[in-house]
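The values are calculated or read from the model by the stated rules, or taken from the named source; none is laboratory data. The shown structure was predicted, so the numbers you read here are calculated from the model rather than taken from an experiment. Cβ coordinates were reconstructed from backbone atoms using ideal geometry, including for glycine residues, and neighbour counts include every protein chain displayed. With ligands, DNA and RNA removed, areas are computed over all heavy atoms of the protein, side chains included. Shrake-Rupley method; radii C 1.70, N 1.55, O 1.52, S 1.80 Å.
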Amino acid sequence: MAVVYEFVWQVLHVLLHIHRTLITWFRTRLRNWNGQLWSRALTALLVPIALSFPNPKNLVPAPGKRVGRRYRCGTDGKSLEKLPDHIALLIAEEEPRYTDIANLVVWCMAVGISYVSVYDNYGVFRRNNSRLMDEILKQQQELLDLEGSKQLSVEFLNNGTVKQDQQVLSCQSVLKVLSPDDGKLRIVQAAQQLCRAVEQREKTSKDINVTVLDSLLRESKSTPDPDLVLKFGPVESTLGFLPWHIRLTEFISLPSHVDVSYEDLFSALQRYASCEQRLGK
């Protein structure tokens, strides 16, 4: 965008020089003609044109200010060859920022992603999910200019319990707030549960298989495994994020979630759409 602004400013600069040259030429001719009336008339005509040129400082947006509040998220989503049904935001940074995470969640849902998971290694968002929800509703209004009649439906899914919050767009999206308790610890708990079932003769060792373990590890059978995980931060690790669910998941790393933009998110979605997933073949 900076190149466009510079080009526009150069064009206006050339027009201003032409304008000044014309005024000088007319003044010279008018002095020869001694036509003071014509001079005043031309001045009254040309001066408003000069004043109509915008201030070049106003052409460049302030640092950090987003250009355009209403993003064509739905159109962008449809333009991609494939779109993840479930995207996970893995925050590998010590100080997560609620506003930036809320921005990402709102953009993901507006693009057309049905399931969004948020995970941090310290469980900050799990402990403060109400604060995160408030920030999401706030950012929906500010980023998408949504009216009360066009709102996005958000559900929190925690430990198998669903909390549905107010409607905010016409589509149904689910937000999952995850913590390390949902990863390796959940596998240990599932194994202990199966051992107790065998000990109490509720099950036999022959009854235990991958399907049984899978059913215990999933909070909701209707929630698919993540298709894409966006990892934010310098740490090259999954930090215990759902090891059972990411066998076929694509990972894309971004430097930080702080001040992340919609363009950053859409660029990652474009990378996902263009990647070839062999799915073990």
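One table, with the values for the structure above:
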item: Flag for Glu202 being farther than 28 Å from Asn129 by Cα, in a loop (DSSP other than H, G, I, E, B) and open to solvent by 10 Å² or more (accessible area, probe 1.4 Å); result: yes
item: When residues of region 236-248 are limited to those that are open to solvent by 60 Å² or more (accessible area, probe 1.4 Å) and at pLDDT 85 or above, the one farthest from Ile87 (Cα to Cα); result: Glu236
item: Count - residues of region 67-119 that are among the charged types (D, E, K, R), touching a residue at least 60 places away in the same chain (Cβ under 8 Å) and either open to solvent by less than 10 Å² (accessible area, probe 1.4 Å) or assigned to a helix (DSSP H, G or I) (or both); result: 2
item: Members of region 120-132 found to be open to solvent by 50 Å² or more (accessible area, probe 1.4 Å), within 16 Å of Leu175 (Cβ to Cβ) and not polar (S, T, N, Q), listed by number; result: Arg127, Arg131
item: Residue in region 210-232 that is part of a loop (DSSP other than H, G, I, E, B), aliphatic (A, V, I, L, M) and at negative phi present; result: no
item: Leading residue by the ranking (nearest to the chain's Cα centre (by Cα)) among those in region 239-264 that are over 10 Å from Ala88 (Cβ atoms) and polar (S, T, N, Q); result: Ser261
item: Members of region 261-277 that are farther than 17 Å from Pro84 by Cβ and outside any helix (DSSP H, G or I); result: Ser261
item: Tally, over region 254-281, of residues that are within 18 Å of Phe232 (Cβ to Cβ) and open to solvent by 60 Å² or more (accessible area, probe 1.4 Å); result: 6
